[in-house]
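Below is one structure, written out as structure tokens; comments come after it.
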Amino acid sequence: MDERFIILDADVESAEDCIRMMGARFEEYGYVKPGYVDAVLQREDELPTGLPGKQYNIAIPHTNNELVIKPAVGVILPRESVAFRMMGMRERTLSCEIIIPLVVKDSKQQVGMLKKMMRVIQDAELLKRIKNSTSVQEVLNCLSVLEDE
């Protein structure tokens, strides 16, 4: 977790805005190669990442590791919820209030990270703490569970 990848009160209106905003940061700080944003957008179109959470919906946009230099996790807390299509049900749209873009270098690592993400998604109290965070440090504290193990 890197505080540069946590954006509170983000002025975004769409899933694409979220992906472009965080993708630009990942590229600026040397975590991904050029073309990463387009790859995430394409993957999101084919395999949406919106997930219904307990109390809050989440999206975890990501793509394969071909354009990844080093792993990272981002967090976007938008001013207003953002529509992402639902994982496994492309025709359904979810209003997502927490967006957690993932940059995974090792495909074996991706499975482990997604398992940890599922624990976060299923923890209503943790989601509430993330959503109501007023500082980057609060978000980092909430998501320290992702760095365990």
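Brief remarks follow.
- Output for region 1-11, where each listed residue is in a helix (DSSP H, G or I) and crowded, with 19+ Cβ neighbours inside 10 Å: PHE5
- Residues of region 66-76 classified as surrounded by fewer than 21 Cβ atoms within 10 Å (Cβ to Cβ) and within 13 Å of the chain's Cα centre (by Cα), total: 1
- Within region 12-62, the set of residues being over 21 Å from ARG90 (Cα atoms), among the small types (Gly, Ala, Ser) and either free of Cβ contacts under 8 Å to residues at least 12 places away in the same chain or crowded, with 22+ Cβ neighbours inside 10 Å (or both) comprises GLY23 only.
- Residue that is farthest from GLU27 (Cα to Cα), among those in region 93-128 that are of a type in the set (D, E, K, R) and free of Cβ contacts under 8 Å to residues at least 24 places away in the same chain: GLU125
Just so you know, all these numbers are worked out from the coordinates, no wet-lab data involved. On a predicted model such as this, the values are computed, not experimentally measured, just so you know. Note that each Cβ is placed from the backbone with ideal geometry, even for glycine, and that neighbours are counted across all protein chains shown.
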